[in-house]
Amino acid sequence: MEVTAGWYLALGAVLFVIGAGGMLLRRNALVMFMSIELMLNAVNLTFVAIGRHVGDLNGQVAVFFVMVVAAAEVVVGLAIMISVFRRRASASVDDLAVLKG
Amino acid sequence: MVELVLFIVFGLIAVAGALSMVLHPNPVYGALGLMATMLSIAVFYVVNSGHFIAAVQVVVYAGAVMTLFLFVIMLIGVDRAENLEERLPMQRQLAIGLGVAFLVLIGLIGGNAWITAPASASEPNGSVEAIADLIFTDWLLPFEVTTLLLIIASVGAVALAQFSPRRRGGAEE
């Protein structure tokens, strides 16, 4: 049996839905953040699989840029989380009801 | 045949890692599960002839990003059990139901709208040279903008991290 691009797209869809489910189900801000990373990875996988399917390298370049943006996003997000944690001593998003520091 | 075996083995590892990330109450185990998912996705990149992208995936995601996550998890709250009681009514059932519905929707749309490969489609060459060739010609401006983005992100992280909690109520800098 040959593995086609559709198999990778299906796997990417499953991983994306798991990530979205983690975003909706969990209350720990760190786990929610990791769910975002999982969703980004799932979409990257579809980019690479489709790029191979149509014989185009631009999909891989797009993945490269997504990785750069995700790295920058993680740095800022974790810094925000640490500064919130210093004030509130909690990583649960239920405790964050106001933006004021 | 090799690709089928690789797909089944690493696909199972990827889904199991993702599920353990979502379901395990301890975020450290979750981060390790996510790391397993990212490494198996790197294997899929290699299979799909994205060799450079696979190396970047291992170095940036599995290496740098997840290490940063583990640092912050250790710093913030491994010892603190998450309060799993739900405050919104029906949130859990709705989330699971809508997730399954979303997956079915993706399956329906993806099953119907399928792009056919051009007849001349060949395996793309995902080497460093080929990717650099594209980045430094067609994608030069986005590449330069990412340098700006990285500088802003690192400056922002430093500015957020040196926030001092002593000045409560005063002007914050």
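For the reader, a short list of remarks on this structure follows.
- Per-residue ellipticity at 222 nm, computed for chain B from helices alone with -39500 (n - 2.57) per DSSP H run of at least four residues, works out to -21500 deg cm²/dmol.
- Top of A:Met39, A:Met23, A:Met81 by mean-square fluctuation, Gaussian network on chain A, Cα under 10 Å: A:Met81
- Taking Cα atoms only, the orientation of helix A:29-54 departs from the longest principal axis of chain A by about 10 degrees.
- Debye log10 I(q)/I(0) at q = 0.12, 0.15 Å⁻¹ for chain B, Cα point scatterers: -0.95, -1.29
- Distance (nanometres) between label positions extended 7 Å along Cα→Cβ at B:Ser154 and B:Ala64: 0.9
- Restricting the calculation to alpha carbons of the protein assembly as shown gives Rg and Dmax of 20.1, 67 angstrom.
- Dividing the helix sum by the residues of chain A, where each DSSP H run of 4 or more adds -39500 (n - 2.57), gives a mean residue ellipticity at 222 nm of -27500 deg cm²/dmol.
- Kyte-Doolittle mean at least 0.0 and Cα axial length at least 27 Å: DSSP H helices in chain B: B:2-23, B:27-47, B:91-112, B:140-161
- Shielding value for B:118-125 is 3, the average number of Cβ atoms from other chains within 10 Å of each residue's Cβ.
- Computed FRET value (nearest 0.05) for B:Ser122 with A:Arg86, which takes r as the C-beta separation and R₀ as 51 Å: 0.40
- Gaussian network model of chain B, springs between alpha carbon atoms under 10 Å - residue of B:Asn26, B:Asn112, B:Asn48 with greatest fluctuation: B:Asn112
- For the peptide B:147-158, the mean number of other protein chain Cβ atoms found within 10 angstrom of a residue's Cβ is 4.
- Of B:Leu12, B:Leu148, B:Leu103, the one that fluctuates the most in a GNM where chain B has Cα springs shorter than 10 Å: B:Leu103
Just so you know, all these numbers are worked out from the coordinates, no wet-lab data involved. All of these numbers come straight from a predicted model, not from anything done at the bench. Cβ atoms come from the backbone with ideal geometry, glycine included; neighbour counts cover every protein chain shown.
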